Amino acid sequence: MLSHPSLKSWQKFGTSIFSQMTATANEVGAVNLAQGFPDFDGPNVLKEVAKRYIDTGSNQYVASVGLLPLREAVARRRSTTTGVDWNPQTEITITCGATEGLWCALTALLSPGDELLCFAPAYDSYEPAAFARVATTRYVPLMPPDFSLSKDVIRNFVNKNTKVILLNTPQNPCGKVYTKNELEWIRDIAEEFNLVVVADEVYEEIVFDGHKHVSISTIPRMRERCVIISSISKTYSYTGWKVGYVMANVELSSSIRNVHQFTVFCVPGPLQMAAAEALTIDDGYYTELKQQMNSQRLRLAKELMSLGWDVAEPAGTYFLSANYAKHCSLPDNEVAARLCRRSGIATIPMSTFYHGQPAPQHWLRFAFCKTDKTVETAVQRLRSINWQDIKA
């Protein structure tokens, strides 16, 4: 059998917890509140646009940087929502989802020996991108229930090897929406140490309770020092289409485009045209999206609290975190596995998002981007949990 040290080095990442929990949920027929994908499709008009372009023969390679109509649509939408203008010709790149955009940005910005600074709990694709560049990831831990942050804490994690701060706002999995004040702290540190901020903003349209998503690109002096990444996946409920976009100044975009062309080269043209259509949808859609997600958020939070869970209600995203410690002292990875197999509810253990760092041990993440029927089924199963069976 072939044995090579590079093969072993990647084994530490294993199979994604999202893939594991979804596979188990499918196996046992559990309600999947683990992986963050809706169990419904987004606007039908987007499917109609994609099919029309497939049927008319738009099925060959397209420009690596992305189709101009989509880049122009991204520029218009971002100008409307943030007031920041990006040049669609030179500063916007279409990628295979936000994940590929993040990979390309970090590949372009990091070198061996560099450090990437992230805020934990953090999505699992960040560290592998740094690892591929033989760079190290350091995590600033944010703890439930409020996931608070201070400027001094951030600064204590920065050193001469730090090159990039990766910011996710609204933040998966904890639902934190960074304030203008917090973003100004990050700006000050980025300027002091000459860092680039890569901002994952895929949940930008999903915020609650009067909170407002503030893009770090709007903070004075940050437009030239940041890379903004988003996609159509979360906002328009087509996670499987994998159409993302990266916005950065000309110099940064040039390097990111160079990486992108040797990663996937281009994103399917028909899906890009559908994405362009998505970005023209009127404001009523976004209002309805927030109302729909907020209804499910409140429904699930209310039920969990009535059953004795402590809930960290999110300010954004379509995830909430809840603490089961009043019922059980087992660690979260064990409880998540047992709830899935014995109670038919799939969740994600929060400790997973701390990547080996000190982590809360009795918190689970629930995805509420689901239909009324799915949430109601989940509620019924939550009510039926036999904690003695879970602990046995």
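The values are calculated or read from the model by the stated rules, or taken from the named source; none is laboratory data. Here the structure is a predicted model, which is why all the values come from computation and not from measurement. Note that we place each Cβ from the backbone using ideal geometry, even for glycine, and neighbour counts take in every protein chain shown.
Residues that are more than 26 Å from the chain's Cα centre (by Cα), over 29 Å from PRO128 (Cα atoms) and without any contact (Cβ under 8 Å) to a residue 12 or more places away in the chain do not occur anywhere in segment 3-15. Within segment 61-78, residues that are in the same structural domain as PRO268 (by TED's automatic domain parsing) have Cβ atoms under 6 Å from residues that are of a type in the set (Lys, Arg) and buried (at least 16 other Cβ atoms within 10 Å of the Cβ) in these pairs: VAL65/ARG257, counting only partners at least 6 apart in sequence or on another chain. Residue count for segment 138-187, restricted to those that are polar (S, T, N, Q) and under 23 Å from PHE319 (Cβ atoms): 6.
Would segment 149-161 turn up any residue that is crowded, with 20+ Cβ neighbours inside 10 Å and at pLDDT 95 or above? No, that holds for no residue. Residues that are among the β-branched types (Val, Ile, Thr) and buried (at least 24 other Cβ atoms within 10 Å of the Cβ) within segment 165-179 comprise ILE165, THR169, listed in sequence order. Only one of the listed residues (GLU205, GLU201, GLU192, GLU182) is of a type in the set (Asp, Glu), surrounded by 19 or more Cβ atoms within 10 Å (Cβ to Cβ), at pLDDT 95 or above and more than 27 Å from TYR236 (Cβ to Cβ). That residue is GLU182. Would you check if ARG338 is of a type in the set (Lys, Arg), surrounded by fewer than 24 Cβ atoms within 10 Å (Cβ to Cβ), over 25 Å from the mean Cα position of the chain (by Cα) and not assigned by TED's automatic domain parsing to the domain that holds CYS174? Here the answer is yes, as ARG338 does meet what is asked. When segment 343-360 is filtered for residues that are closer than 25 Å to VAL28 by Cα and either of a type outside the set (A, V, I, L, M, F, W, C) or part of a strand (DSSP E or B) (or both), the ones remaining, listed by number, are SER343, GLY344, ILE345, ALA346, THR347, ILE348, PRO349, SER351, THR352.
Note on segment 1-36: residues that are part of a loop (DSSP other than H, G, I, E, B), small (Gly, Ala, Ser) and either more than 17 Å from ASP124 (Cα to Cα) or touching a strand residue (DSSP E or B) at 6+ places or on another chain (Cβ under 8 Å) (or both) amount to 5. For segment 345-368, enumerate the residues that are of a type in the set (A, V, I, L, M, F, W, C) and at pLDDT 95 or above. Hits for segment 345-368 are ILE345, ALA346, ILE348, MET350, PHE353, TRP363, LEU364, PHE366, ALA367, PHE368.
Of all residues in segment 350-374, those that are without any contact (Cβ under 8 Å) to a residue 24 or more places away in the chain and of a type in the set (Gly, Ala, Ser) total 2. Sort out for me the helices (runs of 4 or more DSSP H) sitting completely within segment 151-250 that have 2 or more residues that are of a type outside the set (Ser, Thr, Tyr) and assigned by TED's automatic domain parsing to the domain that holds PRO270. In segment 151-250, the matching helices (runs of 4 or more DSSP H) lie at 151-156, 180-193. Taking the condition aromatic (Phe, Trp, Tyr) and either surrounded by fewer than 23 Cβ atoms within 10 Å (Cβ to Cβ) or more than 30 Å from VAL214 (Cα to Cα) (or both), does TYR324 pass? Criteria met by TYR324. The residues listed here are ALA378, ALA325, ALA392; of these, the one that is under 25 Å from the mean Cα position of the chain (by Cα) and either assigned by TED's automatic domain parsing to the domain that holds THR81 or among the small types (Gly, Ala, Ser) (or both) is ALA378. Scanning segment 135-168 for residues that are over 22 Å from LEU364 (Cβ atoms), among the hydroxyl-bearing types (Ser, Thr, Tyr) and out of contact with any strand residue (DSSP E or B) (no Cβ under 6 Å at 6 or more places or on another chain) returns a single hit, SER150.
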